[in-house]
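Q: Pasting a structure here, questions to come.
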Amino acid sequence: MTDVTMINLKILRLLGEGDSKTPSQIIVKLPEHSKKDIKYSIRRLREKGLIKVIPNLLDMRRVFYQLSEPTEVSFEGVKVKQEELSLFMELSNSTITPNATLKDMQTAANV
């Protein structure tokens, strides 16, 4: 099964609050995580198609990140609907361990 980490969920929730954010803004909003871990998580979320890159037209050295628009995204070869992704983000507020798998989260949602 796919591992969904708490840092991934925090980044998705942060980007889901509205406007796009730069990597620096994300790092400032998540001080409990290291810069390296946040950058790695952003890269993995981009690879999975969950977030997309928006160029900063005022400063082309920097980029913005925002949530992807499609109704269905690929999450390590598994099709995940936006509703399920929302459920995972909602569950991140619960008492799920940081290394919980997708199956663990689905089980917690049914309880």
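Q: Does the stretch 9-58 hold any residues that are of a type in the set (S, T, N, Q) and closer than 17 Å to residue 69 by Cα, and which are they?
A: 20
Q: Starting from the stretch 32-46, keep only residues that are without any contact (Cβ under 8 Å) to a residue 40 or more places away in the chain, then list their pairs with residues that are among the charged types (D, E, K, R) and surrounded by 13 or more Cβ atoms within 10 Å (Cβ to Cβ) whose Cβ atoms are within a distance under 8 Å, requiring at least 6 positions of separation or different chains.
A: Here the result reads 33/10; 46/52, each pair linking the stretch 32-46 to a residue that is among the charged types (D, E, K, R) and surrounded by 13 or more Cβ atoms within 10 Å (Cβ to Cβ).
Conditions tested, residue by residue: (1) over 28 Å from residue 103 (Cα atoms); (2) out of contact with any helix residue (DSSP H, G or I) (no Cβ under 8 Å at 6 or more places or on another chain); (3) at pLDDT below 95.
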{"position": "38", "(1), (2), (3)": "no, no, no"}
{"position": "49", "(1), (2), (3)": "no, yes, yes"}
{"position": "54", "(1), (2), (3)": "yes, yes, yes"}
{"position": "60", "(1), (2), (3)": "yes, yes, yes"}
{"position": "86", "(1), (2), (3)": "no, yes, yes"}
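The values are calculated or read from the model by the stated rules, or taken from the named source; none is laboratory data. Just so you know, these numbers come straight off a predicted model, no measurement behind them. Please note: Cβ atoms are built from the backbone with ideal geometry, for glycine as well, and neighbour counts cover all protein chains shown.
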